Every structure is written in structure tokens, then in C-alpha cells.
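The structure appears below as C-alpha cells.
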Amino acid sequence: METGRNVDRLFKRKRWLLTLTYASVMGCTLGLVGYAFDRIVTNLSYRSVEKEIASLASNIHDNVEYKLATPGKIPADLYARIPELCPIYLNCQTQWQQQHRHTLVNIDRHYASFIDTWGKTRATLGIHPNVPKPSLSSLENSRWDHFHDRMGKGYQQLTLEIHTPDNQVWGYLQVGRDLTDIHEYLNNIHLFLTIGIIASEFIVVVVSWYLAGLAMRPLSQSYQQMQKFTADAAHELRTPLATLQVIIENGRAEYQHLAPELTSWLDQIERQNIRISSLVNDLLFLSSLDRPDNKPNLEPCCLTEIVLDLVEEFAIPATAKSIDICSDLDLDAQIWIDGNSEQLYRMGANLVDNAIKYTPAGGKVAISLTQNLNDISLQVKDNGIGISDANKVLIFNRFHRIESKSSPPQHSTGLGLAIVKSIVDVHGGQLTVWSQVDKGSIFTVKFISSLKIN
Ligand code: ADP
């Protein structure tokens, strides 16, 4: 279990993760649908342009082909039949631009050219775009071309072979269309799709955030209930355990002389009672740290003094186990932080207690405190049994204990490091561990350096 603040952060992170997952899935789907829609509309538009040009080309072709008797020559009566047909030696373009009348070819958008077999334009209808002529040599009856003029205007063009009545090749008919209106239409569709997808994505993010919140609510509620249950159970157990302790002490005083063997039973009951009481106290302490409204009374604390007290307190158990305990401190430059001294002492005590517990006789435990440029670092180092990589990520979980043959059975609850982590979190610090099996462990706590050094 994590501290209240961490749980809030964890749930918020998960909620964002869910939101981003929903939003990216929906975003990809919308993007794909938008892309497919865009491709379909673009294809349909070009296909309808091709149909329009093909029908115009066949119209012109049917109207003129039977009149073209000599290859490359346009008979004079064709000019009379199609008044808008302009021989190449005349400049009809200005005239057309001024007239704006209805003709066989919609001269605003379409054009047609009659080209002889040598590639020379003989007559035109409408305004032919000013582009180099594509080669006609590889033409087999008909060919589609898509090109742009120097101004960037797009055109679609169909080239057809035309024949004289006696089936000689007369030359070619080119019919084309300016695609500006189609491009404008497709650009509008792109704009509409882009704005639509961005707006839908925004709505999807808002809705996903709301739905992720709904999905997380039961989880968050059951987590809170679990925390409340642990706190309530621990609280309820405190009084009967204290009463039991009083009964044990009274029993020892009053009945010991009647039944001497009672002493060893009472000792055993007392040991178990003390163990359960310590577990209950740890749980109560953790649930007090879990409360979201829990704000520790922060006051300037001298970490240097805390470390000196720790070395003094743990000197006896360390000596009893033939472990050398030492500290690396600069006594002339005391290090202070804003914190809760009782909690900070407990954090250090748990780390040093573990270091002694999990270091075999003859080993060494060192506590160091250093002030860096941006942070303060407290390290508890031992050359004990170490922790495997798989366990390193689990040891801060509540009730996690490593069963190992190399470690003798310890009086432990598996709550020590969870308490350390909660205290470090409450103080806005960072807790890391380096460890190698059979080499030792280094637990490092880093606090932001916000306070004075004396
Ligand atoms: P416990 O009450 O069991 O010591 P902790 O939460 O303090 O619970 O520690 C969890 C587990 O992490 C321990 O059971 C132990 O196996 C491992 N551990 C903690 N500190 C050390 C250390 N300095 N060296 C080796 N193992 C350690």
C-alpha cells in the first residue's frame, strides 16, 4: 500500500494513462476514417472530372471527325460550323476572355486543341494552358495526363487520336480542364475534416477523462475502504492489547509464587503481545501517514543530531552482534531540514535496524550525511546479505519479507521499509536502494536542500 498522497498521484497517473489510451485509440480511428473518407471523395471527384472530359471529347470528336478529310488540315466550313474554333494563326483568346458566351466548350474551365501528326497545333477551343506539350509518340488511341502550369494550376487532359473518313491518322484532339474548382472543393473538405477531427479529439479527451474517472472510482473507493479498515482494526486492537499487557504484569506479580511454571508462559504471552502491539502501532502510524489531510508539523530538524543519536542508540545491539557501527559526519557544519524530527528519527532507526539485522557478525554498518549543492543525502550502508534484483522492487511493499536461507529468522513484520518510504514521501524526499547479494546494501534518502547549514 502507498501513502495517501502517493495513492492520489497513482490514481491520477492511471486516470491520465486510461484517458490517453482511449484518446489515442479514438484518435487513430478518427484519423483512419478521415483519411479513407478523404481518399474516397478525392477519387470520386477526379473520376467525375474524367467522365466530364471524356464526354466532352467524344462530343467534339463526333461533331468534327467526319469533316476532317485531309490529315493535319482543318476545312474552312468547320470554322463556320463551330464559330468558337480558333485557327492557330489568330489570337482568339482575348476575344474569348471578353465575350464570356456559351460555346461548345465551357471556355472558363475547358479547352480543346487539334494537333497534327507532327505535333503542331492547328486550331483551339478555349484557352490552352501554357505548358510544354507532352510527347504524343507513345500514344495508343488515347491517354490521360495530369499536370500543372507555371502558376501551379492543375489540369486534367485527355488526348485522342482522330482519323480521316478513309481511316488515315488526321492528328490528335486534346481536351482538358482546369482543376482549380475541384482543388478548392477538396481543400474545403480537408479543412472540414481537419477541424472536425481536432474538435472530435478534444471532445474524446474530455469524455475519456470523465469515463476514466468513473472507471477508477470503485477502485479508489475500495482502496480507501481497505485503508480505513486497516486503521480501524489497528485502533480497535490497541485497547485489548494494552489490557492484556496489564493482566500479564498483574498475573506475574500475584500468582508467580503459586505456580512458578507460570513465569515462562507469561513471558511467552508477553513476547507475542509486544510483537502484536508493535505491529498494531506500525499499522496505526502508517494509516496516520496515509491520511490525505495528514500534514506533518514541519519544524527545523538537525539531521546531524539525529544521526549521532542513532549511532548512540544502536551501538549496543550492534556490539552485541559484533558489528562495527560508524558515522561519517561533518560536525562543524550541521545539516538541517524542515521536517518532523520524530518521523525522521524513526526513518533512520528502521534503516539502521535493518542494516544490523541483515548483516552477519563481524560486518560493518556506516551512516553518512552529506550536504550537496541541491540536496541532502543520508546513506545507510552495510556489507550484509544484500537483496536480489527481483526483491529490490518489492521490499517497500507492506508486509513484504524475503525468506532466505542465508538470513537467520528475524523478529520482523515487513512494515519497516514501508514506513521509511511513507516518511520520505511525506517529507518530499526520494528513497533509493543499491544492493548486491552477499555484498551488502546502501539505502539512500535524498531531501531537497532548503535549509541552512550551521
Ligand atoms: P522487516 O520488518 O522484515 O525488516 P522491512 O520492510 O524493514 O521489514 O524489510 C523488508 C525486507 O527487506 C526484509 O525482510 C529483508 O529481507 C529486506 N531488507 C531490508 N533491509 C535490508 C538490508 N539492509 N539488507 C538486506 N536485506 C534487507
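The values are calculated or read from the model by the stated rules, or taken from the named source; none is laboratory data. A quick note: this is a predicted structure, and the numbers were derived from the prediction, not measured. Reconstructed Cβ throughout: ideal geometry from the backbone, glycine too, with neighbour counts over all protein chains shown.
Laid out as a table, the results:
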| item | result |
| --- | --- |
| Check on LEU378, away from the ligand (no atom under 13 Å from the Cβ) and at pLDDT below 90 | no |
| Criterion (modelled with pLDDT under 95 and closer than 20 Å to GLU313 by Cα) met by exactly one of SER422, SER412 | SER412 |
| Of all residues in the range 409-439 being of a type in the set (A, V, I, L, M, F, W, C) and within 19 Å of ASP389 (Cβ to Cβ), the one that is nearest to the ligand (Cβ to nearest atom) | LEU417 |
| Subset tally (residues that are farther than 26 Å from LEU179 by Cα and either aromatic (Phe, Trp, Tyr) or modelled with pLDDT of 95 or more (or both)) for the range 33-79 | 2 |
| Flag for TYR223 being assigned to a helix (DSSP H, G or I), out of contact with any Gly (no Cβ under 7 Å at 6 or more places or on another chain) and surrounded by fewer than 15 Cβ atoms within 10 Å (Cβ to Cβ) | no |
| Tally, over the range 162-193, of residues that are without any contact (Cβ under 8 Å) to a residue 12 or more places away in the chain and polar (S, T, N, Q) | 3 |
| Residue check for ILE189: modelled with pLDDT of 90 or more and either among the hydrophobic types (A, V, I, L, M, F, W, C) or in a loop (DSSP other than H, G, I, E, B) (or both) | yes |
| Of all residues in the range 343-375 being within 43 Å of the chain's Cα centre (by Cα) and exposed (fewer than 13 other Cβ atoms within 10 Å of the Cβ), the one that is nearest to the ligand (Cβ to nearest atom) | ASN372 |
| Extreme residue, surrounded by the fewest Cβ atoms within 10 Å (Cβ to Cβ), among residues of the range 176-199 that are within 19 Å of ARG150 (Cα to Cα) and among the β-branched types (Val, Ile, Thr) | THR180 |
| Cβ-Cβ under 9 Å pairs, at least 6 apart or on other chains, the range 383-401 side without any contact (Cβ under 8 Å) to a residue 40 or more places away in the chain and part of a helix (DSSP H, G or I), far side among the aliphatic types (A, V, I, L, M) and near the ligand (Cβ under 8 Å from one of its atoms) | ASN391/ILE402 |
| Test: residue in the range 386-405 that is away from the ligand (no atom under 16 Å from the Cβ) and either outside the structural domain of ALA315 (by TED's automatic domain parsing) or surrounded by fewer than 19 Cβ atoms within 10 Å (Cβ to Cβ) (or both) | no |
| Qualifying residue in the range 333-342 (condition: within 16 Å of the ligand (Cβ to nearest atom) and in contact with a Leu (Cβ under 8 Å, 6 or more places away or on another chain)) | no |
| In the range 429-453, the residues that are outside any strand (DSSP E or B) and either within 14 Å of VAL393 (Cα to Cα) or at pLDDT 90 or above (or both) | GLY429, VAL437, ASP438, LYS439 |
| Long-range neighbours under 9 Å by Cβ, at least six apart or interchain, first residue under 18 Å from THR444 (Cβ atoms) within the range 316-338, second surrounded by fewer than 11 Cβ atoms within 10 Å (Cβ to Cβ) and not charged (D, E, K, R) | ILE335/ASN454 |
| Some residue of the range 279-301 being farther than 30 Å from VAL424 by Cβ and among the hydrophobic types (A, V, I, L, M, F, W, C) | no |
| Tally, over the range 38-60, of residues that are surrounded by 15 or more Cβ atoms within 10 Å (Cβ to Cβ) and either closer than 25 Å to ALA76 by Cα or touching a Cys at 6+ places or on another chain (Cβ under 7 Å) (or both) | 3 |
